[in-house]
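K.L.:
For reference, the structure I am asking about is given below.
The values are calculated or read from the model by the stated rules, or taken from the named source; none is laboratory data. All values reported here derive from a predicted model rather than from experimental measurement. Quick reminder, even Gly has a Cβ in these numbers, built from the backbone with ideal geometry, and neighbours come from all protein chains shown. Note: areas computed on protein heavy atoms with side chains; ligands, DNA, RNA excluded. Shrake-Rupley method; radii C 1.70, N 1.55, O 1.52, S 1.80 Å.
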Amino acid sequence: MRSRIPDNLYWTTAAPTKDPRELQARAEQERRQNTLFGKIQAGDATEEEIHQYYDFRRKLSEDYLVFAGMLLSEYGSQLPERDEGVLELSVQMHRGRLKELPRQREEALARRELQERRREEWRRQGGGKAEPP
C-alpha cells in the first residue's frame, strides 16, 4: 500500500513505528499544530496560518479516508470484525470532520477579524501609550 499511496499522511502521522526519529518528528508536528490551533482559537493567527492549519486538517482527513478505504475494500473480509469496525468508524469520523472544516475555517477567520478590529479600536483610544508624568 505504501508504494501505491506514498504521499499519504498516514505514513508520517499514524503508521506504527518504533523509529525514534519518526516519533520525534511526529511529536514536533503535533506541537506545531497545537500551537497554531491555540493562536487560531485566540484570534492571533494570521490569515495565512489559518489557511495552513485547515488545509493540513483537510489533507489529513482525506488521506486517512483513502487509506482506510483501501484497507476495507481490499482486506475488509479478512480483517477481524473489531478492526473492520474501527476502520469504518474512522471513515465516518473523517467524513464528518471534512464537512465541518469549512465552517471551522470561516469561524477562525471571523475570530481573527474581530480580534483585529478590537486591536485597532484599542489603538485609536490610545491603548498601550504611557501617560506623561
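K.L.:
Residue under question is R26, and the condition is that it be free of Cβ contacts under 8 Å to residues at least 40 places away in the same chain, within 30 Å of E120 (Cβ to Cβ) and under 14 Å from the mean Cα position of the chain (by Cα); does it hold?
P.N.:
Answer is no for this residue.
K.L.:
Tell me which residues, restricted to segment 87-98, are free of Cβ contacts under 8 Å to residues at least 40 places away in the same chain and open to solvent by less than 90 Å² (accessible area, probe 1.4 Å).
P.N.:
Those that are free of Cβ contacts under 8 Å to residues at least 40 places away in the same chain and open to solvent by less than 90 Å² (accessible area, probe 1.4 Å): L87, E88, S90, V91, M93, H94, G96.
K.L.:
Could you list all residues from segment 84-104 that are within 17 Å of R57 (Cβ to Cβ) and not charged (D, E, K, R)?
P.N.:
The answer is S90, V91, Q92, M93, H94, G96, L98, L101, P102, Q104.
K.L.:
Just to be sure before I move on: is A68 surrounded by 13 or more Cβ atoms within 10 Å (Cβ to Cβ), in contact with a Ser or Thr (Cβ under 8 Å, 6 or more places away or on another chain) and free of Cβ contacts under 8 Å to residues at least 24 places away in the same chain in the structure I sent?
P.N.:
When the stated conditions are applied, A68 does not pass them.
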